[in-house]
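First comes the structure, then the notes that go with it.
The values are calculated or read from the model by the stated rules, or taken from the named source; none is laboratory data. On a predicted model such as this, the values are computed, not experimentally measured, just so you know. Glycine gets a Cβ as well: all are built from the backbone with ideal geometry, and neighbour counts include every protein chain shown. SASA here: full protein model, heavy atoms, side chains in, ligands and nucleic acids out. Shrake-Rupley method; radii C 1.70, N 1.55, O 1.52, S 1.80 Å.
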Amino acid sequence: MLKTWLAHPLTRGLDVDDPRTTHLRLQIIQQKSFLRRIYQEWYREIGAALPHGHGAVLELGAGGGFMSDFIPDLITSELVYCSNIRAVLDGLRLPFIAKSLRGIVMTNVLHHLPQPRLFFAEATRCVRLGGVVTMIEPWVTPWSRFVYNRFHHEPFEPDAPSWELSNGGPLSGANDALPWIIFVRDRQKFEQEFPQWRIEMIKPIMPLCYLLSGGVSLRSLTPGWSFGLWRNMEKALNRWCSQFAMFGHIVLRRV
């Protein structure tokens, strides 16, 4: 009942795999000033993690966002056509020549990839030495376990035995805990299978603000003008982020 009441009216009743949902999510982010400021901060942090110099940067799952405002000449891509993207492609089969990319960036995409090993293999082939894969993804903490299991529509399974997703569509298929599984629970396995990548940073972030924004699926729980107040409160709680973060910023370096 609570989730139904909080559901954003623009996406209520739409199948999450419907391409219209992706189009509407960009509209929602632009209209919700609190949420828009969260994405602006995320995009700045992702852009800052990229190596300096020339070279193409690919964004996966770009249809609902506006990262190209922060990274010049970004190759925005999506699984389905959207008016604001430059390429329709599958992150498991990238149409780029070897070592042609300076980086791959994404927000809330990895946990939807049905075969993440194929993505890492393609990233290994396409990203040049010194390049990065940088992403912001859902994270596993005691607080996020409570929230994701009760208020989010996607599966949250930290105990899943496999990295692969067994069913679901391009967006409905998910495990919000997958990034944490790969880079924390199964870190040794990742490092053994993909020694070409160094885990350069794992930074748990944002225990409150995204939740208060309602994200792209729910109504905002606080007005846009209060973002700075809440964000300063979060920063004061940084030392406890490992227990309360809802997201993680991960940076992988190609070596």
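What the table shows:
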item	result
Contact order normalised by residue count of region 162-255, Cα under 8 Å, 6+ apart, percent	36 percent
Å² per residue, accessible surface of region 161-209 at 1.4 Å	46 Å²
Charge tally in the Cβ shell below 9 Å around residue 130, where Lys, Arg are +1 and Asp, Glu are -1, residue 130 excluded	+4
Accessible area in square angstrom per residue, region 48-128, 1.4 angstrom probe	42 Å²
Cα gyration tensor category, rounded, prolate or oblate, for region 62-116 with a/c compared to 1.5	rounded
Protection proxy ranking of 46-53, 177-184 - average other beta-carbon atoms within 10 Å, highest first	177-184, 46-53
Entry for Cα extents along the principal axes in Å (calculated from the structure that is shown) out of (i) 48, 39, 36; (ii) 47, 46, 35; (iii) 54, 42, 33	(i)
Cut-off 9 Å between beta-carbons: net charge of the residues surrounding residue 199, Lys and Arg +1, Asp and Glu -1	+1
Fully extended contour minus Cα-Cα distance, from residue 121 to residue 239, at 0.36 nm per residue	39.0 nm
Inter-centroid distance (Cα atoms) of region 165-223 relative to region 66-86, Å	21 Å
Pair-distance profile P(r), taking every C-alpha pair of region 50-183, with 5 angstrom steps and integer %	2, 10, 19, 22, 19, 15, 9, 3, 1
Under 15 Å, Cβ to Cβ, from residue 237 - net charge with Lys/Arg +1 and Asp/Glu -1	+3
Portion, in percent, of the accessible area of the chain that falls on carbon or sulfur, probe 1.4 Å	57 percent
Charge dipole magnitude, Cβ of K and R +1, D and E -1 - the chain, Cα centre, debye nearest 20	580 debye
Three-way shape call for region 207-247 based on the alpha-carbon gyration tensor, with the a/c threshold at 1.5	oblate
